[in-house]
Structure formats: structure tokens, C-alpha cells
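The values are calculated or read from the model by the stated rules, or taken from the named source; none is laboratory data. Small disclaimer: the values here were computed from a predicted structure and weren't measured. Here Cβ is always computed from backbone atoms with ideal geometry, including for glycine, and neighbour counts include all displayed protein chains. What goes into the accessible areas is simple: the full protein's heavy atoms, side chains included, and nothing from ligands, DNA or RNA. Shrake-Rupley method; radii C 1.70, N 1.55, O 1.52, S 1.80 Å.
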Amino acid sequence: MKLFEKITNPREIRRKLGLNQQEFWSRIGVTQSGGSRYESGRNMPKPVRELLRLVHVEQIDLSKVRREDFEIVEYLKETHPDLYKSLRKAVRAQMEAQEGSTEATAS
């Protein structure tokens, strides 16, 4: 899913995760009633949509992310682009391997 891509069915994402509305929406700072409106078709603002993507689709724990992390990434990209690309490739391979083992376990 791309940055700011339209999330067409947040209810489907929530149900796949097995969460009730309160659990799902509170993780991104939205009330249950607000989340219910988004699930019923109300237009979701870009910041809410992006938080939903990061927290529930990308599975990022925002409580662990710090500004310093972004500064380190930017520094690494600027000063050591080859190392950055190599690390990014290794992380993607690891994520794909984890997804593959999760799918194999579920089968």
C-alpha cells in the first residue's frame, strides 16, 4: 500500500485483525464513534488514513518510533547510500521470509 493510498474498507482491515472498533480505532487516536462513521463510508482525512496504514497495515508500533530514528535514516541515506540500500534490501528479504513462514504455518 502506497503513502496516502485510499483505504476503501477500514472495517475489513479491522475484522481481519480480529479487533473490535474500540481497540482498532483507539490505537490511532480516533474515538469508537468516529471510527464507526469512517467504517460507514464517511471520508477519512489523510492523517487518519496514514496512521491507520502505519499502525494496522504496516504493523508499526508508533510508541517505539523516535525523531532520532528518522534523523539516523536521513543521515545514512545522505552519507552512506550504498550501505542504506544494502540494509534496506536485507530488511525486505527478512520481512518476506517472515511472511513466508507465517503463511506456511497458517496452511
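Below is a table of values for the structure above.
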{"read-out": "Pairwise FRET efficiency - Ser40 versus Val65, Cβ, R0 = 30 Å, nearest 0.05", "value": "0.50"}
{"read-out": "Candidates Leu62, Leu76, Leu54: whichever shows maximal mean-square fluctuation once the chain is modelled as a Gaussian network with Cα springs under 10 Å", "value": "Leu76"}
{"read-out": "In the chain, lysine pairs with alpha-carbon atoms under 16 angstrom apart (chain gap of 8 or more, or interchain)", "value": "4"}
{"read-out": "Which labelled figure in (1) 30, 19, 12; (2) 30, 20, 7; (3) 49, 21, 12 is semi-axes √(5λ) of the Cα gyration tensor in Å, once derived from the coordinates", "value": "(1)"}
{"read-out": "Sulfur and carbon atoms: percent of accessible area, the chain [1.4 Å]", "value": "52"}
{"read-out": "Rounded accessible area per residue of the chain, 1.4 Å, Å²", "value": "77"}
{"read-out": "Sequence-separation-based contact order of the chain, relative, with Cα cut under 8 Å and 6+ spacing, percent", "value": "20"}
{"read-out": "Summed side-chain charge close to Arg88 - residues other than Arg88 whose Cβ falls under 12 Å, Lys, Arg +1, Asp, Glu -1", "value": "+3"}
